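Trainee: Can you read through this structure? Questions will come right after.
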């Protein structure tokens, strides 16, 4: 069954792709309503937790993913799916999960914002660099001829532009931003979750048939991401309050962006698409479970 995974064509039309683009843009806009220039000024005065988180996100996780792939040797499309997910910035639900875990939500939101901007360069770089370094995935990249500029444009339109618009609204019309912030965050997340549920229902047969080929790998990869964030933050000797945010930011990836890149540049290659789709489900489960455990003790600041 695993041999056929790359022939799978998920029920994901161009209209669905555009809808997911719009939903993720709205979610990012709602997150940006929580951001003010003062938040960044505070982090610049004490940048260690932020720099540690970004290092964990864009250096530690891709390196750990590459080593993981060398060890388990999955089929090339699955390996490239793992590399692509690791190259994406933190996921939008990380801020909610960090809050539930009793971590530094301000750090989490700022990491999401800055990692999103950095993804303009780091996401195509990490996909191209680590994918080319591993011979089996290099063949897929060569056959696909992915354009880093096109990836950067996609990231800009879907994530960075709404991020800037949200910050701008919060600066220019703080009363309006305050009124719409909470309702918009709730509604946008419900719409996002609803989209995932409907997309899963439309592909339920494929999901049941092929999830076994990637489930253990995704679970292990996600555990590696969470563990990498925890170890990096611990070695950097940041507070427990910040460590929770860094751990969750590293372990919650923007798999929605991953799916968009897979369908836009890899023609929906089955192994990659199933990896990103299952990541989108599993990281929410593991993140909420971890938050429930962490919330039982108060973090020191």
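The values are calculated or read from the model by the stated rules, or taken from the named source; none is laboratory data. These numbers were taken from a predicted model, which means no experiment stands behind them. Please note: Cβ atoms are built from the backbone with ideal geometry, for glycine as well, and neighbour counts cover all protein chains shown.
Trainee: Considering only region 193-212, state which residues are surrounded by 15 or more Cβ atoms within 10 Å (Cβ to Cβ) and modelled with pLDDT of 80 or more.
Mentor: Correct list: 195 only.
Trainee: Would you mind stating whether residue 250 is free of Cβ contacts under 8 Å to residues at least 12 places away in the same chain and touching a helix residue (DSSP H, G or I) at 6+ places or on another chain (Cβ under 8 Å)?
Mentor: It is false that residue 250 is free of Cβ contacts under 8 Å to residues at least 12 places away in the same chain and touching a helix residue (DSSP H, G or I) at 6+ places or on another chain (Cβ under 8 Å).
Trainee: Something else now. Any residue that is part of a helix (DSSP H, G or I), surrounded by fewer than 22 Cβ atoms within 10 Å (Cβ to Cβ), out of contact with any helix residue (DSSP H, G or I) (no Cβ under 6 Å at 6 or more places or on another chain) and at pLDDT 85 or above - is there at least one of those in region 27-49?
Mentor: Checked region 27-49: at least one residue is part of a helix (DSSP H, G or I), surrounded by fewer than 22 Cβ atoms within 10 Å (Cβ to Cβ), out of contact with any helix residue (DSSP H, G or I) (no Cβ under 6 Å at 6 or more places or on another chain) and at pLDDT 85 or above.
Trainee: Scan 190, 169 and give me the residue that is exposed (fewer than 15 other Cβ atoms within 10 Å of the Cβ), assigned to a helix (DSSP H, G or I) and out of contact with any strand residue (DSSP E or B) (no Cβ under 9 Å at 6 or more places or on another chain).
Mentor: Result: 190 is the single residue among 190, 169 that is exposed (fewer than 15 other Cβ atoms within 10 Å of the Cβ), assigned to a helix (DSSP H, G or I) and out of contact with any strand residue (DSSP E or B) (no Cβ under 9 Å at 6 or more places or on another chain).
Trainee: Further, regarding this structure: Counting only residues that are under 17 Å from residue 225 (Cα atoms) and part of a helix (DSSP H, G or I), how many does region 81-118 have?
Mentor: Qualifying residue count, region 81-118: 15.
Trainee: Right, next: Would you call residue 76 buried (at least 21 other Cβ atoms within 10 Å of the Cβ), under 26 Å from residue 268 (Cβ atoms) and touching a helix residue (DSSP H, G or I) at 6+ places or on another chain (Cβ under 6 Å)? Before you say what the answer is, go through the steps one by one.
Mentor: Numbers: buried (at least 21 other Cβ atoms within 10 Å of the Cβ): yes; under 26 Å from residue 268 (Cβ atoms): yes; touching a helix residue (DSSP H, G or I) at 6+ places or on another chain (Cβ under 6 Å): yes.
Yes: the conditions hold for residue 76.
Trainee: Cβ-Cβ below 7 Å, separation at least six or inter-chain, first residue in region 268-294 and surrounded by fewer than 21 Cβ atoms within 10 Å (Cβ to Cβ), second at pLDDT 90 or above and not in a helix (DSSP H, G or I): which pairs?
Mentor: As it stands, the answer is none, since no pair meets every condition given.
Trainee: Run residue 136 past the list (1) in contact (Cβ under 8 Å) with a residue 40 or more places away in the chain; (2) under 18 Å from the mean Cα position of the chain (by Cα); (3) in a helix (DSSP H, G or I) and report the number of the one that doesn't hold.
Mentor: Status for residue 136: all satisfied but (2).
Trainee: Looking at region 242-267, which of the residues that are over 12 Å from the mean Cα position of the chain (by Cα) and outside any helix (DSSP H, G or I) is surrounded by the most Cβ atoms within 10 Å (Cβ to Cβ)?
Mentor: Filtering region 242-267 for residues that are over 12 Å from the mean Cα position of the chain (by Cα) and outside any helix (DSSP H, G or I), the one surrounded by the most Cβ atoms within 10 Å (Cβ to Cβ) comes out as 266.
Trainee: Is it the case that region 284-291 has a residue that's over 14 Å from the mean Cα position of the chain (by Cα) and at positive phi?
Mentor: no
Trainee: Quick check on region 226-241. Is at least one of its residues within 25 Å of residue 196 (Cα to Cα), within 14 Å of the chain's Cα centre (by Cα), surrounded by 24 or more Cβ atoms within 10 Å (Cβ to Cβ) and in contact (Cβ under 8 Å) with a residue 24 or more places away in the chain?
Mentor: Taking every residue of region 226-241 in turn, none turns out to be within 25 Å of residue 196 (Cα to Cα), within 14 Å of the chain's Cα centre (by Cα), surrounded by 24 or more Cβ atoms within 10 Å (Cβ to Cβ) and in contact (Cβ under 8 Å) with a residue 24 or more places away in the chain.
Trainee: Looking at region 118-133, which of its residues are touching a helix residue (DSSP H, G or I) at 6+ places or on another chain (Cβ under 6 Å) and either within 18 Å of residue 92 (Cα to Cα) or surrounded by 19 or more Cβ atoms within 10 Å (Cβ to Cβ) (or both)?
Mentor: Once the filter is applied, which keeps residues that are touching a helix residue (DSSP H, G or I) at 6+ places or on another chain (Cβ under 6 Å) and either within 18 Å of residue 92 (Cα to Cα) or surrounded by 19 or more Cβ atoms within 10 Å (Cβ to Cβ) (or both), region 118-133 yields 119, 120, 122, 123, 124, 126, 127, 130, 131.
Trainee: Here is a follow-up. Give just the number: which of (1) farther than 30 Å from residue 167 by Cα; (2) outside any helix (DSSP H, G or I) does residue 212 not satisfy?
Mentor: (2) is the only condition that residue 212 fails.
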